[in-house]
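First the structure, in the form of C-alpha cells, and then the observations on it.
The values are calculated or read from the model by the stated rules, or taken from the named source; none is laboratory data. Since the model is a prediction, treat every value here as computed from it, not as a measurement. With ideal geometry, Cβ positions are generated from the backbone for all residues, glycine too; neighbour counts draw on all protein chains shown. Side chains are part of the model used for accessible areas, which takes the heavy atoms of the whole protein and leaves out ligands, DNA and RNA. Shrake-Rupley method; radii C 1.70, N 1.55, O 1.52, S 1.80 Å.
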Amino acid sequence: MRELRGATAICGVAESELGEVGPGRYSLDLLAEAAGRALADAGIAKSEVDGLFTAIAGRGMSNLDAGEYLGIRPRYTDGTMIGGSSFVAHLHHAALALTSGACDVALIAYGSTQRTDMRRPDAVRYPPELPSYEAPYRPRNPITGYALAAARHMHQYGTTREQLAEVAVAARQWAMLNPVAFKRDPLTVDDVLNARVVSSPLTTLDCCLVTDGGGAVVMTRADRARASRKRPAYVLGVGEAHWHRSIAQMPDLTVTAATESSARAYAMAGLGPRDVDVVELYDAFTINPILFLEDLGFCAKGEGGAFVSGGRIAPGGELPVNTNGGGLSYCHPGMYGIFTLIEAVRQIRGEGGERQRSSVDVAVAHGNGGQLSSQVTAILGSEATL
C-alpha cells in the first residue's frame with residue numbers, strides 16, 4: 001500500500017450552488033454543475049473522464065444515473081455507498097484504479113437537494129432503515145445515536161456541554177470567513193446551550209445544517225497532475241474501517257473505527273498527527289470533532305473536550321479544524337464527506353482567502369457515515385511532501 005503514496009493527486013475541485021436552490025433543480029443538476037466546475041478547475045475535458053465514482057441517497061444505481069446525465073461512459077465505475085464517508089472512500093478506490101491503469105481520469109461527484117426536498121410536495125422520502133429491535137423505541141435518527149455518544153462521553157470523561165458548544169462556535173467563526181457559507185452570523189456558547197433541545201444533550205445548534213449542494217473532485221496519476229492548471233494535492237495516505245451499522249451494535253460509544261482508518265492512512269503516508277497543518281472533519285454533530293480528534297491521535301481518549309476549549313480549533317487557534325465552517329455552518333447537503341476533500345485541497349493550494357492558513361503542506365480529510373459507523377481518513381500533501 002505504500003506504493004500508493006504520492007502516486008495520484010487531486011487536480012480539480014469545486015462545489016455547485018449551495019444553500020437552497022429552489023424547486024426547479026434536482027440532485028443530478030447539482031452533481032453535474034459541481035462536476036463541470038471541477039473539470040474546468042483541473043483543465044480537463046469531460047470526454048477524458050473514464051472513471052466515475054458517485055453516491056446519492058435514495059438512488060440505488062447513482063453511477064448509472066450520473067453517467068447518463070453527464071454523458072460519460074466510464075470504463076471503471078464505483079458506486080460504493082457507506083454514508084457520508086463514501087467520497088473519501090472513493091478517493092481510495094480511485095487511487096487504486098488509477099495506479100493499476102483501470103482508468104486515467106477519475107471523477108468523484110455528489111449532489112443533493114435535501115433542503116429543497118423538504119418543501120417539495122412530490123418528493124420521495126427515504127427514512128433511515130432501522131433494525132426491528134430499535135424501531136419500537138422510536139429513535140430520532142440519526143441524531144439519537146450521536147446524542148447517545150455525547151452523553152456517554154460526558155459521563156465517562158467529564159466532557160461538558162460548554163465544550164461541545166465550543167465546537168459549534170469555532171465552526172461558525174470559520175464560516176464567517178467563508179463567503180459561501182450558509183450561516184455567517186455570530187454565534188456564542190450561550191446561544192448553543194439555550195437553543196431548543198432536539199435529543200438530549202444536543203440542541204439544534206449542536207446539529208449540522210440541512211442544505212442543498214453538490215461537490216466534485218477530479219483525480220489523475222501524479223505525472224499528469226504535475227502539468228495540471230493548478231497546484232495538485234497528492235494522495236499520501238488513506239485508510240477505511242467500519243465496525244457496525246446500528247448504534248446499538250457500536251462496541252464502545254466513545255471509540256470509533258477512525259482509530260483504525262487513521263492508523264492505516266498515517267502508515268501509508270509515513271506521517272503522524274504532529275505533521276498535519278489543517279484538519280477537515282465530518283462534523284455532523286458537535287460530538288464528532290471531539291471523538292475524531294481523539295481517534296485520529298491529536299489528543300488522548302477522553303481529552304477531546306478540553307482540547308477544543310479556549311479557541312484551539314477556531315481561527316487563530318493552535319490547530320485549524322474545519323476551516324470552511326464545516327457541516328455545522330458551511331453546508332451539509334445530506335452527506336458531507338466530499339467537502340472535507342475540497343477544503344483540504346484549497347488549503348494546500350493556498351486558495352482559502354480570509355480563512356487560508358499559512359504554509360499548508362499536509363491536510364487531513366476525514367469522512368464519517370451512518371451513526372459513527374463508517375470511517376475513512378485521507379492525508380493529502382503538497383509537492384514538498386513527496
Can you tell me the dipole magnitude for the range 167-292 around its Cα centre, using point charges on the Cβ only (Lys, Arg +1; Asp, Glu -1), in Debye to the nearest 20? 660 debye
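Note the full-extension length gain between ARG119 and SER309 as 0.36 nm times their separation in residues minus their Cα-Cα distance, in nm to one decimal.
Values: separation 190, 0.36 × 190 = 68.40 nm, distance 3.75 nm.
Value of the extension gain: 64.6 nm.
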Over the chain, the sum of -39500 (n - 2.57) across DSSP H runs of at least four, divided by residue number and rounded to 500 deg cm²/dmol, gives at 222 nm -9500 deg cm²/dmol
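Using the Cβ atoms and a cut-off under 11 Å, what net charge is assigned to the surroundings of GLY111, where Lys and Arg are +1 and Asp and Glu are -1? Working shown, then result.
Values: positive: ARG25, ARG59; negative: GLU15, GLU17, ASP29, GLU33, ASP65, ASP212.
Around GLY111, the surrounding residues sum to -4.
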Leaving out ligands, DNA and RNA but keeping every protein chain, what accessible area does ASP223 have, in Å² rounded to the nearest 10, with a 1.4 Å probe? 110 Å²
Got a number for carbon plus sulfur as a percent of the range 4-51's accessible area, 1.4 Å probe? 52 percent
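Based on the Cβ-Cβ distance from ARG73 to ALA300, what FRET efficiency comes out when R0 is 35 Å, to the nearest 0.05? Spell out each step's value before the answer.
Details: r = 50 Å, r/R0 = 1.43.
For R0 = 35 Å, the calculated efficiency reads 0.10.
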Phi-derived 3J(HN,Hα) across the range 283-291 with the Karplus relation (6.51, -1.76, 1.60, θ = phi - 60°), rounded Hz, x for Gly and Pro, is 10, 4, 9, 5, 6, 4, x, 5, 5
In sequence order, calculated HN-Hα J values of the range 188-205 (Karplus, 6.51, -1.76, 1.60; Hz; x Gly/Pro): 10, 4, 4, 4, 5, 5, 8, 6, 5, 6, 9, 8, 3, x, 8, 9, 4, 7
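Which FRET efficiency, nearest 0.05, do GLU354 and LEU386 yield, Cβ-Cβ r, R0 30 Å? Provide the component values of the computation, followed by the final result.
Working: r = 29 Å, r/R0 = 0.97.
The calculated FRET efficiency here is 0.55.
In debye, nearest 20, what is the charge dipole magnitude of the range 225-368 about its Cα centre with +1 on Lys and Arg Cβ and -1 on Asp and Glu Cβ, if you could check?
Its charge dipole is roughly 540 debye.
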Classified through the alpha carbon gyration tensor (a ≥ b ≥ c as square roots of its eigenvalues; rounded if a/c is under 1.5, else prolate when a/b is larger than b/c, else oblate), the range 314-367 comes out prolate
Taking amide H positions as placed 1.01 Å from N in the peptide plane, with prolines and chain starts having none, which residues 5 or more places from ARG25, or on another chain, fall under 5 Å of its amide H? none
Rank ALA147, ALA216, VAL255 by how far each Cα sits towards the positive end of the charge dipole of the chain (+1 on Lys, Arg Cβ; -1 on Asp, Glu Cβ) and give me just the farthest. ALA216
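All other residues with a Cβ under 10 Å from the Cβ of VAL192 taken together, and with Lys, Arg as +1 and Asp, Glu as -1, what is their net charge? Can you show the working numbers first?
Details: positive: ARG161, ARG172; negative: GLU162, GLU166, ASP190, ASP191, ASP206.
Net charge around VAL192: -3.
Summing Lys, Arg as +1 and Asp, Glu as -1, what charge do residues with Cβ under 14 Å from the Cβ of GLY302 carry, GLY302 excluded? Don't jump to the answer; show the numbers that get you there.
Numbers: positive: ARG152, LYS301; negative: ASP252, GLU294, ASP295, GLU303.
Taking every other residue near GLY302 into account, the sum is -2.
Normalized C-alpha radius of gyration of the range 229-338, against 2.2 N^0.38 Å? Write out the running numbers ahead of the final one.
Working: Rg = 14.5 Å, N = 110, 2.2 N^0.38 = 13.1 Å.
Output field value: 1.10.
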Karplus (6.51, -1.76, 1.60) ³J(HN,Hα), θ = phi - 60°, over the range 93-106, in Hz, Gly and Pro reported as x: 5, 5, 4, 5, 5, 5, 5, 7, x, 5, 8, 10, 10, 9
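Using the per-residue mean of other Cβ atoms lying within 10 Å as a proxy for protection, in what order, highest first, do the peptides 59-66, 7-14 fall? Mind dumping the intermediate values first?
On the way: 59-66: 17.6, 7-14: 25.8.
Listed from highest to lowest mean packing, they are 7-14, 59-66.
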Cα to Cα, under 26 Å, and not fewer than 8 places away if on the same chain: which lysines meet these conditions relative to LYS230? LYS46
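Between ARG2 and THR204, what FRET efficiency comes out of the Förster formula 1/(1 + (r/R0)^6) with R0 = 45 Å and r the beta carbon distance, rounded to 0.05? The partial results should precede the final answer.
Values: r = 45 Å, r/R0 = 0.99.
With R0 = 45 Å, the Cβ-Cβ based efficiency is 0.50.
Gain in length, ARG226 to VAL197, computed as 0.36 nm per residue apart minus the alpha-carbon separation, to one decimal in nm?
Values: separation 29, 0.36 × 29 = 10.44 nm, distance 4.96 nm.
Taking 0.36 nm per residue and subtracting the Cα distance, the gain is 5.5 nm.
Dipole size in debye (nearest 20) for the chain around its Cα centre, Lys and Arg Cβ +1, Asp and Glu Cβ -1?
Values: 35 positive and 41 negative charges, 50 e Å.
Charge dipole of the chain: 240 debye, to the nearest 20.
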GNM flexibility winner over the chain from ARG73, ARG161, ARG119 (Cα, springs under 10 Å): ARG119
Distant-in-sequence amide H partners of ASP212 (H built 1.01 Å from N, under 5 Å): GLY19, GLU20, VAL21, ARG115, THR116
Most to least packed among 109-117, 182-190, 97-105 [average Cβ atoms within 10 Å]: 109-117, 97-105, 182-190
Between ASP185 and MET81, what is the label-to-label distance in nm when each label sits 7 Å out along the Cα-to-Cβ direction? 3.6 nm
